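Colleague: Below is the structure I would like to discuss, written out as structure tokens.
The values are calculated or read from the model by the stated rules, or taken from the named source; none is laboratory data. Quick caveat: nothing in here was measured; it's all calculated off a predicted structure. Cβ atoms come from the backbone with ideal geometry, glycine included; neighbour counts cover every protein chain shown.
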Amino acid sequence: MEIMGFLGPVGTHSEAAAIHLNSILEKKCRLEAFPDIYNAIRAVEKGKIATCLVPVENSLEGSINITLDTLAHCDSLYIAREVVWGVHNHLMMQDVKVPVKKILSHAQPLAQCRDYLREHFPEAELEAVGSTAIAANMAAEADPSEGIAAICTIRAGLLNGLDVVATNIQDNNNNCTRFYQLRRVGDGGDNGLKPIPPEEFGVCLKTQLIFQIDGKDAGQLCWVLQDLATRKVNITRIESRPARTGLGEYIFFLDLDVPEQEYRLDDAIEDICQKSVWLKNPGRYQVIRADRVDLESAVRE
């Protein structure tokens with residue numbers, strides 16, 4: 001059985017997304033938690049595990065830079081799938097009758113629930129920790145009288161014996177995180193997908209371009225975008241990151257919809273490659289949307 005790595009520990013949103021993806025794969029994986037995104041990706045690159053599911057962007061807080069940077073500087077990985085996971089944050093603690101004095105969570109959920117916390121717990125101390133699962137564990141190990149609560153997943157709370165103070169406290173119900181499932185180039189593996197009801201899970205085809213252009217040559221990025229626009233290839237996201245080769249030098253990431261006439265995309269990539277210092281195209285992949293319903297009940301056990 002193949003191993004799928006995810007950002008641990010158990011009880012995180014990353015684990016919930018991995019559990020869901022695994023549930024719709026034809027061939028199941030054994031899930032394995034990793035302490036950070038970098039090590040999960042490197043384990044795939046080195047062949048220690050077959051695949052991993054790592055976050056790449058949150059709709060409210062933006063890109064996960066370590067995922068982008070690692071993918072940009074690695075030649076042996078491709079994107080097998082993208083999973084869009086709806087983020088649901090819950091406030092949980094040992095004794096719900098005790099006033100909440102301190103709230104623990106990862107920095108992103110704290111930011112995603114900022115308005116709710118300001119309105120309902122303005123006097124509570126907020127503390128960022130390594131993950132929502134760690135927050136749940138710390139709340140469970142504290143003296144109940146201390147009034148320590150955690151923003152976490154239902155699964156993390158239940159695993160640590162916590163009770164629910166409030167559910168779905170995120171400020172924006174459209175909050176979701178995009179994950180990439182990564183595999184090694186040439187591994188020949190693909191677990192496949194079970195038939196998915198289209199009305200429940202939208203499946204489309206996307207691709208990504210990662211490239212560096214000569215920033216001293218005026219208009220280079222404009223020409224790249226025109227190569228795509230004139231061929232009616234839709235850009236769904238554009239991002240830049242430092243190239244680490246010198247001040248003012250950048251790598252660009254473009255997420256693209258794959259058109260029905262794929263030759264238009266192929267022609268655009270060929271032209272963009274000629275304008276670039278280097279270019280990578282880590283695969284064409286399905287996008288599986290799991291953000292349209294609350295799937296917490298699927299990961300309670």
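Colleague: List pairs: first residue in the stretch 67-82 and under 14 Å from P55 (Cβ atoms), second residue modelled with pLDDT under 90 and among the basic types (K, R) anywhere in the structure, Cβ distance under 7 angstrom, at least six positions apart or on different chains.
Modeller: Nothing qualifies.
Colleague: Give the stretch 134-177 a look and list any residue that's surrounded by fewer than 17 Cβ atoms within 10 Å (Cβ to Cβ) and either touching a residue at least 40 places away in the same chain (Cβ under 8 Å) or within 19 Å of A111 (Cα to Cα) (or both), or say none.
Modeller: Listed by number, the residues that qualify are P144, S145, E146, G161, D163, V164, T167, N168, D171, N172, N173, N174.
Residues are listed down the side, and each one gets a yes or a no for (1) more than 11 Å from Q94 (Cβ to Cβ); (2) assigned to a helix (DSSP H, G or I); (3) of a type in the set (G, A, S):
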{"residue": "P109", "(1), (2), (3)": "yes, yes, no"}
{"residue": "R118", "(1), (2), (3)": "yes, yes, no"}
{"residue": "A133", "(1), (2), (3)": "yes, yes, yes"}
{"residue": "V165", "(1), (2), (3)": "no, no, no"}
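Colleague: Kindly indicate whether any position in the stretch 266-285 is within 29 Å of G47 (Cβ to Cβ) and modelled with pLDDT under 85.
Modeller: no
Colleague: Is the stretch 206-214 home to any residue that is of a type in the set (V, I, T), closer than 24 Å to F6 by Cα, assigned to a loop (DSSP other than H, G, I, E, B) and assigned by TED's automatic domain parsing to the domain that holds R42?
Modeller: For the stretch 206-214, residues of a type in the set (V, I, T), closer than 24 Å to F6 by Cα, assigned to a loop (DSSP other than H, G, I, E, B) and assigned by TED's automatic domain parsing to the domain that holds R42: absent.
Colleague: Could I ask something else about it? Considering only the stretch 222-250, state which residues are more than 18 Å from the chain's Cα centre (by Cα) and closer than 13 Å to Q208 by Cα.
Modeller: Matches in the stretch 222-250: L228, V233, N234, I235.
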